[in-house]
Amino acid sequence: MKTTLIRGLVFALSLAAGAAVAQDAMTSAQVRTTLTEGGYTDVTDLEFKDGLWKADARDANGRKIDVRLDPATGRVYPDTAGATTLGEADIRAKLTAAGFTKIEDVKFDDGLWEAEADTREGQRVDLKLDPQDGRVISQSRD
């Protein structure tokens, strides 16, 4: 019982530290600059949530869209992104290889792969994954 509690606390602290480090990887000013340089305009409602930067913006065609940014790389994920090179089976395989279990609700939504799974420590988490390489870009408690 004590070991489980300690593991849970260590995991929770690592998630909190990871979120703080990830958020610090890009400032809001850097996010705005990245979006502007990427051709986005009218950037509003910029916030760091669930391990990703999120904003409303207008794309190059003037359409209002939602975008997410990987705080570590600055890669932009517009919600209008379509086809992905990976399928659901690929995402499940990548998560399994990374040590996740009880993988559920795998879906492509708003330009990203999403899933729920348990970590090696047994913590239930929501995951966001890169649509091109399947890399976990956001992990937050479910």
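Tabulated values for the structure
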read-out	value
Hits in the stretch 33-58 (condition: of a type outside the set (Phe, Trp, Tyr), buried (at least 17 other Cβ atoms within 10 Å of the Cβ) and farther than 17 Å from residue 114 by Cα)	34, 35, 43, 46, 55, 57
For residue 67: the one exception among (1) under 16 Å from the mean Cα position of the chain (by Cα); (2) open to solvent by less than 30 Å² (accessible area, probe 1.4 Å); (3) at pLDDT below 95	(3)
Output for the stretch 86-118, where each listed residue is part of a loop (DSSP other than H, G, I, E, B), more than 20 Å from residue 49 (Cα to Cα) and in contact with a Ser or Thr (Cβ under 9 Å, 6 or more places away or on another chain)	99, 100
Test result for residue 62, buried (at least 18 other Cβ atoms within 10 Å of the Cβ), part of a loop (DSSP other than H, G, I, E, B) and of a type outside the set (Val, Ile, Thr)	no
Hits in the stretch 119-142 - residues which are outside any strand (DSSP E or B), of a type outside the set (Val, Ile, Thr) and either farther than 19 Å from residue 71 by Cα or in contact with a helix residue (DSSP H, G or I) (Cβ under 6 Å, 6 or more places away or on another chain) (or both)	120, 121, 122, 123, 134, 142
Any pair with Cβ under 7 angstrom, 6 or more apart, that starts in the stretch 20-41 at a residue that is in a loop (DSSP other than H, G, I, E, B) and ends at one that is open to solvent by 50 Å² or more (accessible area, probe 1.4 Å) and modelled with pLDDT of 95 or more	40/58
Extreme residue, least open to solvent (accessible area, probe 1.4 Å), among residues of the stretch 83-118 that are within 23 Å of residue 65 (Cβ to Cβ) and without any contact (Cβ under 8 Å) to a residue 24 or more places away in the chain	114
Unmet requirement for residue 136, which otherwise passes all of (1) in contact (Cβ under 8 Å) with a residue 12 or more places away in the chain; (2) surrounded by fewer than 17 Cβ atoms within 10 Å (Cβ to Cβ); (3) within 16 Å of the chain's Cα centre (by Cα)	(2)
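The values are calculated or read from the model by the stated rules, or taken from the named source; none is laboratory data. Remember, it's a predicted structure, so these values are computed and weren't measured experimentally. No Cβ is skipped: glycine too gets one built from the backbone with ideal geometry, and neighbour counts run over all protein chains shown. The accessibility values were calculated without ligands, DNA or RNA, using every heavy atom of the protein model including side chains. Shrake-Rupley method; radii C 1.70, N 1.55, O 1.52, S 1.80 Å.
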